[in-house]
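Structure first, then comments.
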Amino acid sequence: MNLLVTGAAGFIGSHFVRLVRRVRPDWTVHVLDALTYSGNGTTMADFLADGGVMFHHGRIEDHTKVTEIVQGNQIHQIVNFAAESHNDRSLVSGSSFLVSNAMGVENLLNVVRENQLQRFVQVSTDEVYGTIAEGQFTEETPIAPNTPYSASKAAGDLQCRAHFKAYKTPVVLTRGGNTFGPFQYPEKLIPFFATRLIQGKHVPLYGDGSQIREWIHAEDHAAGVLHVLENGLVGEAYNIGDVNERTNLEILEVLLEETGRGQELVINIEDPRKGAHDARYSMATDKLQALGWKPEKEFIPSLRSTIQWYRENRDWWEPIVQDPQYQAFVKQYYGKYLGDLL
Ligand code: TYD
């Protein structure tokens, strides 16, 4: 099998490639990544060194580039992890989110159809469902996204649906929960707070920290995507979650403990996401479990080992947090709340 994985220099995509190399060593894996701000060559260093993975630099919206890779390497299937993924950035400007998450998916779908590929897995998110006060999102829950990011992911999901209906393009969707683990760009809650606390810097908790997220480790998420690639039914969506709901305050407590820092570094800030801040995510995952997949990691121990990974791998994240573009975003977004504590 010749597999193309897009977005492999990113967080979940890189875990997926590592997993595929380990459990399907006879597959040939091609990876395409634009190496935008959150994609990182060093994240791929281990699997690019093993010789079984071929790297291509480019964007998923580039029809010529994707077609050349597919035709030049007899690609059979594509899994798309490439995305703009940070809600806070999308609230500053949503345009790049639509380019990658909607136009990029549309382009990949066209290439899949034109070259009659066997399968396209689109990696999406539970955030397309919006927020849920009680109960759980199922795959039948109507989508109701609340941020420019989640709206752009929903647009990609709808393009998948439309291509399946119109052309019978063999599409399968996954919708994962909040994912954590090594190699996550330090802008999301866990790596942002972990890297700041390790440095002894203050962390901005939005509002009272009561929001609930359903967390899943990146290795479990990657295994769920592989299971869907191999066993999912075309035209279907599958939730990938761990039935593991935690408030942001609970996550913060573990972060403080593991970094040895105290409450004095926590600043409760006025919620910068305002009405777009989803209060709770929770997914039913029976559909994928009925196909024979279940998550394996225990949450608290794997959250602790993730924080330890950030303590031990400063050489991975220090160049990122020292990058002027990263610092400019942090200043622009958090400057008015943190002032001198930035
Ligand atoms: P995040 O990791 O950005 O993921 P998502 O928006 O996809 O859920 O945020 C997780 C939660 O953490 C969310 O409720 C917002 C909150 N949060 C903070 O309180 N402070 C922060 O600096 C960040 C980045 C997030």
- Item | Square roots of 5 times each gyration tensor eigenvalue, C-alpha, the stretch 228-342, largest first, Å | 33, 19, 17
- Message: I'd like the distance between the alpha-carbon centres of the stretch 110-144 and the stretch 302-342, rounded to an integer number of Å.
- Response: 30 Å
- Task: For the stretch 163-225, evaluate the Debye formula with one uniform point scatterer on each Cα (no solvent term) and list log10 I(q)/I(0) at q = 0.15, 0.16, 0.27 Å⁻¹, rounded to two decimals.
- Result: -0.64, -0.69, -1.17
- Message: What distance in nm separates the two pseudo spin-label positions at Gln71 and Ile300, each 7 Å out from Cα along the beta-carbon direction?
- Response: 5.7 nm
- Query: Lys/Arg Cβ at +1, Asp/Glu Cβ at -1, dipole of the stretch 1-54 taken about the Cα centre: which of Ala45, His15, Leu35 is farthest positive-ward?
  - Reply: His15
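Sort 181-191, 326-336 for me by packing, meaning the mean count of neighbouring Cβ atoms within 10 Å per residue, highest on top.
Working: 181-191: 21.8, 326-336: 14.6.
Going by the mean number of other Cβ atoms within 10 Å, highest first, we get 181-191, 326-336.
If you take the alpha carbon radius of gyration of the stretch 283-342 and divide it by 2.2 N^0.38 Å, what ratio comes out, to two decimals? Walk me through the numbers before you get to the answer.
Details: Rg = 18.5 Å, N = 60, 2.2 N^0.38 = 10.4 Å.
Ratio of Cα Rg to 2.2 N^0.38 Å: 1.77.
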- Message: What three numbers, in Å, describe the spread of the alpha carbons of the stretch 40-141 along their principal axes, ordered from the longest?
- Response: 48, 33, 26
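Roughly how many debye, to the nearest 20, is the charge dipole of the stretch 26-144 about its Cα centre, given +1 on each Lys and Arg Cβ, -1 on each Asp and Glu Cβ, and no other charges?
That gives a dipole near 340 debye.
Using a 10 Å cut-off on Cβ atoms, rank the peptides 77-84, 311-318 from the highest mean neighbour count down. Let's see the in-between values first.
Values: 77-84: 25.1, 311-318: 14.4.
So the order, starting with the most tightly packed, is 77-84, 311-318.
Run through every distinct alpha carbon pair of the stretch 59-210 and return the Kirkwood hydrodynamic radius in angstroms, one decimal place.
Values: mean 1/r = 0.0588 Å⁻¹.
For the stretch 59-210, inverting the mean 1/r across all distinct Cα pairs yields 17.0 Å.
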- Query: According to the Kirkwood expression over distinct Cα-Cα pairs, how big is the hydrodynamic radius of the stretch 24-73, in Å?
  - Reply: 11.9 Å
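Could you please report the charge total around Lys294, scoring K, R as +1 and D, E as -1 over all other residues with beta-carbon less than 10 angstrom from its beta-carbon? Before the final figure, lay out each step's value.
Numbers: positive: none; negative: Asp220, Asp242, Glu296.
Result for the neighbourhood of Lys294: -3.
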- Note on the structure: Stokes-Einstein, Kirkwood over Cα pairs, the stretch 123-190, 4 °C, 1.567 mPa s; D in µm²/s equals 96 µm²/s
- Message: Using a 7 Å offset from the Cα along the Cα-to-Cβ direction at both Asn313 and Leu342, what is the distance between the two label points in nm, to one decimal?
- Response: 2.8 nm
- For the chain, just the Cα atoms, rotate onto the principal axes and tell me the three extents in Å, largest first. 57, 44, 37
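Bear in mind these aren't lab numbers, they're just calculated from the coordinates by the rules spelled out. What you see is a predicted model; the values in this text were computed from it and never measured. All Cβ positions, glycine included, derive from the backbone under ideal geometry; neighbour counts span all protein chains shown.
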